[in-house]
Each structure stands twice: as C-alpha cells, then as structure tokens.
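Notes for the one structure printed next.
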Amino acid sequence: MNKKSQLNKYYILLIISFAIFNFSVLSAQDKFGIIFPGNDRDQKCQECIQVFNQKPKEVQFSIVRDQNRLYFQVNDKAWFQKLFKNAQDGLAIDVVSKEIYGCDEIIIGNPQIKGELLRPVFTPKLRGSLKPYGENLFRVHVGNVPEALVSKELEFNILFLNNNNLCRYYWIYHLESYPWDLLDMGLYLDSLTYNPKEIKTISDTEVVIRNKTLKFKIPFEKNKAAYSQGDIKPIYDSLRLTNYDIKAIKIKAYSSVEGSLERNVKLQESRANSIVLALQSFQKATIKTEVSSSENWVEFLNDIKGSNHENLIELSKSKIKEQLNDGLAVELEPILKNHRKAVLELELERKDKYENMSPDELMSKFNATIKSEAISDALEIQNSIFEKLKNKVVNPDFLGKMEVPKQSKFVKIFNKNSAFRSVLDVRQSLIVYNELLELEKLAPKDGEVKYNKTAIMIKLWRHKALPVDEAKLKGEIAALKSYKIDAALIDRMMVNFHIIKAESFMRERDYENKDKSVAFINSHYKNFPLSDYDYLSLAQFFSYYANSTMSVKLLENKAKSIDINEDLLFYYLNLTLIDNELTEDSNYRTIMLNAINMNKERYCKLFNSIDKGGVTFQLLQNDYLNDAYCENCVN
C-alpha cells in the first residue's frame, strides 16, 4: 500500500472515530514517574482540561501503527502545541492486548493501566520531532510495540500528561459512517414517487431507482413447510398486482425458539422457498430472491415480559431451550405460535406493454396520442419511455422529441418529465427548477407542480446552488396545505428546512438557534413515516448536531423489531455499546440477540480491534457484553 493510500485509510478512520474519556481516581502510583492525581485532579490538570474543553470538533487525533512503530497523529498543529507546552507535558501509550479479555477471567493488572505502558514522551521531543505527513496531517514517533506483543491483536490507548500528572486517558471507539442527506420528500410523477436510497457505507453511494416496494408478514402453522398457490393467491390478489410484476423478493423467515437450531433454520428455509415458488407461479418474469432464516428470539423475549415466566429472560439461550423442551413449550404455545412467520419485502416493477417497441416507435406513438388528446394513453407511453431512460437505452435528450403543446391540459406530462429527469440525475435539478417555475405560470393552482418546485428548491438551497429568501420559502411550504398537499408531507419539508438551518447555525457558531432548530426537528419527525434511510440520516444528524441521546431515542423501539434494517440495527449498537447502564438492561439483550440472529459474524466482529474492523475489543471489560460475546462468538 503506498503512502497516499495509507493516508486516505487513516483519514477516514480519523473522521469516524470517537475518543472516550474513561478516568478512575485512585491513590498516587509510581509508573515511569507518572503522578496519578486523586481529589486534586481538577487543580493539577487545569491547563490540560482547558485545552481539551476548547478543542474544536474538527481536531482529530489517533495512534497509528506503521509496522511496529507507533505514531501520534493529529490534524491540527496549533492545537497540538497548546496541549504540549510545558517541559513535563507529554503522553504515554498503553498497549492493550485482546487476550486479557478472556471468557473465564478478565486480566487487568493495574486498574488504571490496562496493558503494557510504554515510556512517556514529553514536550521537547514531541514538538521537536513532529513532522508533516501528507495533506493537513502531522505525526510524531512515540514508541514501539513490545516484542512480546507484536503478533497479538492490539489497541493503543493514550495517557495525556500535564506536568507529569495523568489528566486524560483515551481509548478509540470506531463508529461506522454512512452517507446521509435530507429526508426524502419525493416528487410527484403519476403519484408521489420516492427515490429510496439504500443504506450504504461511506465508500459506496450507489442509488437505485425503484418503482414500488411492499412489505408484509405471512404467519406459519406449526410443522407446516409447504405453501401452495391457494395459500398465496389471496395475498397476491390483495396486492392488486395486475399492473406490476414482482422483480425481487426478500424473505426473512422466523421460527419459534423451541427445538434444535438446525431443524428450525432448515424448516424456515423450506417455508420461505415454498412461498417464492407459489408467487413465481403467478408470473412469467423470474423473481430474484434472497432468503434468510433464524429463530425468533426477539419477539419471544419481548412477549414473556410481564408473564409468569419472565425469569427466562435472565437465562442463556441453551437454558431457555432446555426448559421449553422439558414441557414448558406446551404452556407457552399461545405465545410461540405468533413467532412463526415470514417477513416479505417485494420490489415491484410496473408492467410495460410497450417494452418491445423501439424508442422511435414509442415516441411516434406518444406524439400521436398527444395530437388526439388521449392523455391517459400518453401518460402510460411516457412511463414506458422512462423505463428506457432508466435502463439507458436512450439518454434524457430523447425527451426533447416529445411534441406537446404548452397548454394546461398537458401539465401532468410536463411535470412528470421534469420530475423524472431530476430523480434520474440530481445534476439536472437547477434546470428542472426553472422549468417548474415556467410550468407554475401555466398552471398556477396545480399542487403537484408547486410541491415538486418547492422540494427541488429545498435541495438546491441545501447545496448552495440557489439563493433563497428563507421567510418566503417557509411561507410557500405552509401554503401547500391550500393545494391539498398532505400535512405529513409539509411537516417533512419543514424538518428539512430546519436541518439546513441547523447546519448553517452550526457553521456560524450560533448554538442557541441551532438548538432551537434541532428541537423543532425532534418534536416534528414523529408526524410522518420514515424510511430506513431517513432513520439513519436523522440518527446521524442528532449525533452530530445535538447529542447521541436523541439518536438512541429515535432508534430504540425500531431496534427491538425483527424487521429492522441490518445496517440501522448495527448503527444503534455502535451508538449504545459504550453505555454500561443501557447494556445491562434486559431490553438490550433482546436487541443484541436480534443482531446475532440477523448477522452473527458481523455482531462478533464488533468486538475485534479497530484495525480488524471492530468497534473496540475493550468493550469486553463490560461483564454483560463479555458474557454475550462468549455465549455467541466463542466456540
């Protein structure tokens, strides 16, 4: 890996890592002459505390391992020099090995130093040896990995010293980062159409345009594995799929928790696949399928709360199974029967009766229907043209061949063309906005045109592509109510308005008004449904602009549901694993088991070192997390 690649990798880690202060007050000890303050810590560490309290959030630091050499790396030289000012100011590295966190015993010799402490480095060397490293980064060598630990899984904690007093002890917590945006306001095409963004890690921002998705549940009867057309047809009919084909289906199949894991998983896979076969029988187009199965521990633990068997919550999974298989399952069958189900998510694709026509044939037919004013037919052909645009059979310039008179009767045609181009390519948004301004003059009372114009205006304002009179924009958003736009959509727009305002106030360091915008968002997001991407965007917004408490509150109920998005669930775990009080709550065990059922390998990876993609293995010092890890991750 070249230096530039190493730099990019580090810088991503630097941005998405959080330093956590974890200081214990003990009597003074002698370790390389370091003084461990007691009740006089605030007095002795006054300068250090002040420098950290005044540290801008943009200032980041970490310990970087380059082979066996350890470097303190920072992105702000001026802050570094404020921190290390006196001759006896410095830092020392505590080299911590994962092997001390055993399942039988946690071996931490000194309560304040977890691993092997390296000799401190003080201001003269730190300042004299600090060197630029790439763009806007600086590093200084602060020690080497002890030879006996070279092959171990390690993390590197930092002791900050002020006049040789231990004032700060930091360990690094790695939070997975995702791209986030405004809440999706959608745009009106035939009806309000969203551009559902899939949750991706920061390195992958691909967006997929979909027609329609549906989500529902199918219960399973005990010991029944096969589903027929007769079982599925009422569901198929209720979805009214005459105008759509099922393009893809995701099935998460759940068994009740009694019986062996192997049998339960096999039974659920059989049930899920039989549902797919039954649905496939209703259409020619092949359905792309994704099937997963697990035991439904989430709802089991939720449902026995408050019952005569609530004590089961405290037992291990194997002990619970023993009691169920010893006869308790019969008594609990009224509960267990509700846990056998499949959660289906269908991605639908509009049936296109013109799909075999060439683009030129389609355009000719479209223009003919416009001349005859057969508008409903023209709208259907327009959708077929959109499919060819999505599939890149033609480019957006192809829409310029449409021969549509500038008359109010054709407003929906123009509105759909503009909105679709914006959905297809966000770079077209400014052009589309100007088109909608002209269209508004043609149809001044058309609510869908006004909604699309306002939604695009908000996006352009956020990206500083359009100057906006904020008072006028708020008025336009409120005025949408008089054009029969749903109140929930208006609330969503106002939340986006305040997201943009909070960003602006934060840049201006106007924290009082920033807090007012955050409070508005926190009190209004409950007024409308949120997609998984919306949940993640809001959670990251609250973490960045307010505090993680709002993020946790936003996600906590969703984290206990079996159909939560996997990335959303693991983001919640990242936010909360450091909260000892929360992790010891019985509700938290339900959430962790949800994550284990969903992706056991990913859950166990949370407790790897940062270098191995984990949050931090030092979470295992929490007895509750250690027990859960040993029960589920250690063979």
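Provide a single number: the residues in the range 543-561 that are under 17 Å from D303 (Cα atoms), polar (S, T, N, Q) and modelled with pLDDT of 85 or more.
1
Could you please find all residues in the range 291-323 being under 18 Å from A253 (Cα atoms) and either without any contact (Cβ under 8 Å) to a residue 12 or more places away in the chain or not in a helix (DSSP H, G or I) (or both)?
The answer is V291, S292, S293, S294, E295, N296.
Mind counting the residues in the range 113-140 that are farther than 18 Å from F84 by Cα and hydroxyl-bearing (S, T, Y)?
The qualifying residues number 1.
Please go through the range 459-474 and pick out each residue that is under 26 Å from the mean Cα position of the chain (by Cα) and in a helix (DSSP H, G or I).
Within the range 459-474, K459, L460, W461, R462 qualify.
For the subset of the range 130-179 comprising residues that are among the small types (G, A, S) and farther than 24 Å from I578 by Cα, which member is surrounded by the most Cβ atoms within 10 Å (Cβ to Cβ)? I'd like the intermediate steps shown before the answer.
Of the range 130-179, the ones among the small types (G, A, S) are 134, 143, 148, 151, 177.
If we keep only those that are farther than 24 Å from I578 by Cα too, we end up with 134, 143, 148, 151.
Values: G134: 16, G143: 21, A148: 9, S151: 8.
So, considering only residues that are among the small types (G, A, S) and farther than 24 Å from I578 by Cα, the one surrounded by the most Cβ atoms within 10 Å (Cβ to Cβ) is G143.
Let's see how each residue does on (1) exposed (fewer than 15 other Cβ atoms within 10 Å of the Cβ); (2) under 17 Å from D184 (Cα atoms); (3) under 15 Å from the mean Cα position of the chain (by Cα):
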residue: K484; (1), (2), (3): yes, no, no
residue: F528; (1), (2), (3): no, yes, no
residue: D532; (1), (2), (3): no, yes, yes
residue: Y545; (1), (2), (3): no, no, no
residue: N557; (1), (2), (3): yes, no, no
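Identify the residue in the range 583-613 that is among the small types (G, A, S) and crowded, with 16+ Cβ neighbours inside 10 Å and, among all such residues, is farthest from L315 (Cα to Cα).
The extreme case among them is S609.
Here are some residues: I456, I500, I477. Which one is touching a strand residue (DSSP E or B) at 6+ places or on another chain (Cβ under 8 Å), part of a helix (DSSP H, G or I), closer than 18 Å to G186 by Cβ and assigned by TED's automatic domain parsing to the domain that holds I431?
The match here is I456.
Which of the residues spanning the range 424-453 are aliphatic (A, V, I, L, M) and buried (at least 21 other Cβ atoms within 10 Å of the Cβ)?
V432, L436, L439, V449
Checking N302 against (1) at pLDDT 90 or above; (2) assigned by TED's automatic domain parsing to the domain that holds I218, which single condition isn't satisfied?
So the condition that N302 fails would be (1).
Answer yes or no: is there a residue in the range 505-519 that is within 16 Å of A488 (Cβ to Cβ), out of contact with any Phe, Trp or Tyr (no Cβ under 7 Å at 6 or more places or on another chain) and either part of a loop (DSSP other than H, G, I, E, B) or at pLDDT below 90 (or both).
Scanning the range 505-519, I find no residue that is within 16 Å of A488 (Cβ to Cβ), out of contact with any Phe, Trp or Tyr (no Cβ under 7 Å at 6 or more places or on another chain) and either part of a loop (DSSP other than H, G, I, E, B) or at pLDDT below 90 (or both), so the answer is no.
Out of all the residues in the range 277-311, which are crowded, with 19+ Cβ neighbours inside 10 Å and among the aliphatic types (A, V, I, L, M)?
A278, L279, V298, L301
Which residue, of F61, F23, F18, is in the same structural domain as L154 (by TED's automatic domain parsing) and either at pLDDT 95 or above or within 23 Å of K125 (Cα to Cα) (or both)?
Exactly one residue qualifies, and that residue is F61.
Give the range 563-575 a look and list any residue that's more than 21 Å from V634 (Cβ to Cβ) and either not assigned by TED's automatic domain parsing to the domain that holds K553 or not β-branched (V, I, T) (or both), or say none.
Taking the range 563-575 and keeping what is more than 21 Å from V634 (Cβ to Cβ), we get 563-569, 571-572, 574-575.
Passing the criteria: D563, N565, E566, D567, L568, L569, Y571, Y572, N574, L575.
The values are calculated or read from the model by the stated rules, or taken from the named source; none is laboratory data. Computed from a prediction, not measured in an experiment: that's the story for all the values here. Every residue, glycine as well, gets a Cβ built from its backbone with ideal geometry; the counts of neighbours run over all protein chains shown.
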